[in-house]
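The structure's right below; bear with me while I get my questions together.
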Amino acid sequence: MRQLEGTGRGRLSRRGLLTGTGVALGGLAAAPAALAQDTPPPTDPDFGDGDPTLRPDFPPAVSVEPPAPGGVDWAAVRGQWSMAPEEVNLSAMLFASNPRIVRDAINRHRMALDARPVTYLERNNRPLQNAARAAAGQYFGTPGGDVALCENTTEGVSLLYAGINVRYGDEVLTTTHDYYVTHESLRMSLARTGGVLRKIQLFEASERTNAAEIVGRLIAAIGPRTRVLALTWVHSSTGLKMPIRAIADALAPINAGRPQGEKVLLCVDGAHGFGVENETLPSLGADFVMAGCHKWLFGPRGTGVVFGTPLGWSRVSPTVPTFLAPNAYGSWIGGYDPGPTTAARMTPGGFKAFEHVWSLIEAFQFHEGIGKAAISARTHELGLRLKDGLNQMPHITVRTPMDPNLCAGIVSFDVEGMSADAAVHKLRNGNVIASAAPYAVRHVRLTPSFRNTPEEVDYALNLLNALKPRARR
Ligand SMILES: Cc1ncc(COP(=O)(O)O)c(C=O)c1O
């Protein structure tokens, strides 16, 4: 790539600016003749609806070595990050930092966009967004055409619930354990449509419940007007992983007797299962899963995905104009109906931090290079080590189930005689990055991921052991 000149050591002098201006004006003066000779390139008025035969300038170049037969070299995997050495970050559930191949991809695109913001965008946007959708689809077992891109779980959940076709008097069933974003998106959406929101409690104690209790209470609550089950894959308060497949199976006979438009859609906030569990959309049996890619997947910050089934897409309407669907501008200019809802039409338009969107490709490659199963096993192994250690401390009550079918990477607990915030503060003083759940009842959360080591888990356990109240020492 041609180097940009005239900036000295990164500072522009007044003389340099003036010289630069002279060159630019000289170039402009010659432009009309050059323009007259050129054949105009194919137009791409919306930067997303252009020539589909264009190939990206930087096809994803980074391949990740599959794990050696003896297993994954976790130290090498960890070496992909440049984390501050003094922090023990046990908060993958919050906000990602990126492994090297994702950082490199973002940098490559950022530099190219800085050099040629319009032409690089025109050449690359459509193929790279579609490649990102295909990569996400390959990772999660769906065609790329059924993947909508968004900026985070919050946006994905709101796009779905703002656009879901729920009529006056129809019911959306959710639970008291779901997150703010699900509850608020539904409250705002149903206030407009006249739909009814019902929240039910699935268990008394997260650490003692089981799949049969959860599925039984949910299915018993479904009524003739229920159209949507709005759930969360892994509860971010208690770390409980919902038995989504079992719920889908129990829903199947109810849906079998209903017409297409009245089947109960199973919609899942996937924020804390995505990037952890070795599952796909078909294996879960959900109609929609929405997830940010900037948590457990360690993808670019400000990226997310919505996966939907054909039945699911047929039951929602877009609420934000897209730039991605092939006929987006054509239907507007031609004044015709753009047709049925597709994942492309559900992908919000507008200009974005495209270097992040496009680098999703490398984020999925990175995970698949290590292996979904290996990542899931490692995350569960570290979580179990943490829970085993916590269970030996009489001043700690673990709120996350021990059953591997009912937990993922979040480990939630309470410390006797101490608020969740105070415990998080103590841990942070010891350089362990924990968090307190933003719910009415707050628990402490430590969320080791495959980036962490057993030693880091043990270090956190030691700090927590020291929080024993005096009376217990
Ligand atoms: C269950 C759940 N959904 C969604 C979110 C928000 O995620 P995002 O930052 O991807 O919008 C959170 C927060 O971490 C969460 O706990």
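Which of the DSSP-defined H helices in the chain satisfy a minimum axial length of 30 Å, computed from C-alpha atoms, and a minimum mean Kyte-Doolittle hydropathy of 0.0?
Those that clear 30 Å and a mean of 0.0 are 14-37.
Report, in debye and to the nearest 20, how large the dipole of the stretch 109-219 comes out about its Cα centre when Lys and Arg carry +1 and Asp and Glu carry -1 on their Cβ.
300 debye
Now for a separate question. For each pair in Lys387/Lys426; Lys199/Lys468; Lys295/Lys468, compute the distance between the two Cα atoms and list the pairs where it is over 25 Å.
Details: Lys387/Lys426 19 Å; Lys199/Lys468 37 Å; Lys295/Lys468 31 Å.
Flagged as over cut-off: Lys199/Lys468; Lys295/Lys468.
At each listed q (0.16, 0.29 Å⁻¹), what is the log10 of I(q)/I(0) that the Debye formula gives for the stretch 135-202 modelled as equal alpha-carbon point scatterers?
-0.64, -1.18
While we're here: When only C-alpha pairs under 8 Å and at least 6 residues apart count, what is the relative contact order of the chain, in percent? Present the calculation step by step, with values, prior to reporting the outcome.
On the way: 851 pairs, mean separation 96.7, N = 473.
Across the chain, relative contact order equals 20 percent.
Now, a different point. Could the peptides 91-99, 444-452 be put in order, highest first, of the mean number of other beta-carbon atoms found within 10 Å of their residues?
444-452, 91-99
Given a 1.4 Å probe, how much area per residue of the chain is accessible, in Å²?
Value for the chain: 45 Å² per residue.
Ok, one more. Accessible area of the stretch 359-439 with a 1.4 Å probe: how many percent of it is carbon plus sulfur?
For the stretch 359-439, the apolar C and S fraction of the accessible surface comes to 50 percent.
Still on this structure: Just the Kirkwood number for the stretch 125-370, please: inverse of mean 1/r across all distinct Cα pairs, in Å, one decimal.
Every distinct Cα pair counted, the radius reaches 18.3 Å.
Can you compute the charge dipole magnitude of the stretch 125-370 about its Cα centre, using +1 on each Lys and Arg Cβ and -1 on each Asp and Glu Cβ, nothing else charged? Give it in debye, rounded to the nearest 20.
For the stretch 125-370, the charge dipole is close to 500 debye.
Using only the Cα atoms of the stretch 372-464, what are the Rg and Dmax in Å?
Taking only Cα atoms of the stretch 372-464, I get Rg and Dmax of 12.5, 39 Å.
With the radius of gyration and the Kirkwood radius both derived from the Cα set of the chain, what is their ratio Rg to Rh?
Using only Cα positions, Rg/Rh for the chain is 1.03.
Among DSSP beta bridges whose residues both lie in the chain, state the antiparallel percentage, nearest 5.
Among the beta bridges of the chain, antiparallel pairing accounts for roughly 50 percent.
First compute the accessible area of the stretch 126-197 with a 1.4 Å probe, then give the percent of it belonging to carbon and sulfur atoms.
Reported share for carbon and sulfur atoms: 51 percent.
Turning to a different aspect of this structure: So if we plug the beta-carbon distance of Asn165 and Asp104 into 1/(1 + (r/R0)^6) with R0 = 56 Å, what FRET efficiency do we get, rounded to 0.05? Walk me through the intermediate numbers first.
Values: r = 42 Å, r/R0 = 0.76.
It comes out at approximately 0.85.
The values are calculated or read from the model by the stated rules, or taken from the named source; none is laboratory data. Keep in mind the model is a prediction, meaning the values are calculated, not measured. Methodologically, a virtual Cβ is constructed for each residue, glycine included, from the backbone with ideal geometry; neighbour enumeration extends over all protein chains shown. Protein only, heavy atoms only, side chains kept; ligands, DNA and RNA dropped before computing areas. Shrake-Rupley method; radii C 1.70, N 1.55, O 1.52, S 1.80 Å.
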